[in-house]
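Chemist: Pasting in a structure now, in structure tokens, and then I'll have a few things to ask.
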Amino acid sequence: MSHIKFFKDISKKNVDIAGGKGASLGEMTRAGIPVPPGFVITASAFDRFVKETELGAEIDSLVHELNYHDIARVEFASERIRDLIHDAKTPKDLETEITKGFKQLKTKLVAVRSSATAEDSSQASWAGELESYLNTTAKTLLDNVKQCWSSLFTPRALVYRNEKGMHKSHVSVAVVVQKMVESEVAGVSFTVHPVTKDKHQMIIEAAWGLGEALVGGIVTPDSYVLDKRDWSLIDVNVSEQSKMIVRKGASGTVEKAVPAKIKHHQKINGRQITEIAKLCARIEKHYGFPCDIEWAFEKKKFYIVQSRPITTL
């Protein structure tokens, strides 16, 4: 049984094997949306790893006996489970399959992201609960896949599962391996205004450098509000950005100062704002619900790196 599926072979119906993130990237790839190429290590790989290393019973007993009000105990259990996963040996053929998938992407660097199989469903949104590893090389790939597997058991994820009444149910994790986009500008878009809830308005936010600065709340982005009926700009708010996150060497990222000459500049121009807005509207139309979309702009091209339902509406 193959434990790897490339995006073109996955659709939104495959949340059970690819998780919310993986299923969404596959769905958009098939719909012709510009998504950086990649594949999903399906949840069956993690399930097999747990079974063959015989970790299941030990993990279950640690999770089921937890007193979630005792944060120290939750942290202890999390550390113990994560150590068990990191120290266990991944089946050899599984490692070979993952490495082979990486080679097919013909890239030096990938982003490795966790994608829980209960993710982004209406009952539960795991966004932000699990981990991602950027600038992953062939050398760090297998370790980072394990890190993603074990991030199903971070203190935050354990508490979240318990709050959603899922601590006894089977939750697995798939891993997305996707070509890294080295963005000059990155941003998010909400296809319905998240504050006013006006369905005719879309809000786009943009910041210099990699998207982590924006997603992590390190910088205040530009924000542009559009009317989706005629693509007219309703509001443009340009923010001064003094620092950004960029790639450092073969792996890792670094925070650096934004060059003085662009510090006060608008991040994308009017034509580009309309281009990304139309792309996001296409995604919303395809799914039939308001979307929260992450995008990146590299070498004059927009890429969509993630899309999920807006859970606050």
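Chemist: Taking a threshold of 19 Å on the Cα-Cα distance, which of the pairs K278/K301; K8/K89; K51/K168; K100/K146; K199/K278 fall above it? Mind dumping the intermediate values first?
Modeler: On the way: K278/K301 14 Å; K8/K89 30 Å; K51/K168 17 Å; K100/K146 17 Å; K199/K278 15 Å.
Listed pairs above 19 Å: K8/K89.
Chemist: Between 0 and 90 degrees, rounded to the nearest ten: what's the tilt of helix 270-287 against the longest Cα principal axis of the chain?
Modeler: Around 40 degrees separate the two axes.
Chemist: Around M180, which amide H atoms from residues at least 5 apart in sequence, or from another chain, sit under 5 Å from its own amide H, with H modelled in the peptide plane?
Modeler: Excluding prolines and chain starts, which carry no amide H, the hits are L109, V110, A111.
Chemist: Spelling out what I want: for every residue of the stretch 182-187, take phi, set θ = phi - 60°, compute 6.51 cos²θ - 1.76 cosθ + 1.60 (Karplus), and round to whole Hz; glycine and proline get x.
Modeler: For the stretch 182-187, the Karplus-derived couplings read 8, 6, 7, 9, 9, x Hz, x marking Gly and Pro.
Chemist: Divide by every residue of the chain the summed helix terms, -39500 (n - 2.57) for each DSSP H run of at least 4, and state the resulting mean residue ellipticity at 222 nm, rounded to the nearest 500 deg cm²/dmol. Walk me through the numbers on the way to the answer.
Modeler: Working: 9 runs with 106 residues, N = 313.
Computed ellipticity for the chain at 222 nm equals -10500 deg cm²/dmol.
Chemist: Might you report the magnitude of the Cβ-based charge dipole of the chain about its Cα centre, with Lys and Arg at +1 and Asp and Glu at -1, to the nearest 20 debye? Each step should come with its number before you reach the end.
Modeler: Working: 44 positive and 39 negative charges, 255 e Å.
The dipole of the chain has a size of about 1220 debye.
Chemist: Please work out the Cα convex hull volume for the stretch 185-309 and give it in Å³ per residue.
Modeler: On the way: hull volume 14.0 nm³, N = 125.
In the stretch 185-309, the Cα convex hull volume per residue is 112 Å³.
FYI, it's all coordinate maths here, none of it is from the lab. All figures in this text were calculated on a predicted structure; none of them were measured in a lab. Every residue, glycine as well, gets a Cβ built from its backbone with ideal geometry; the counts of neighbours run over all protein chains shown.
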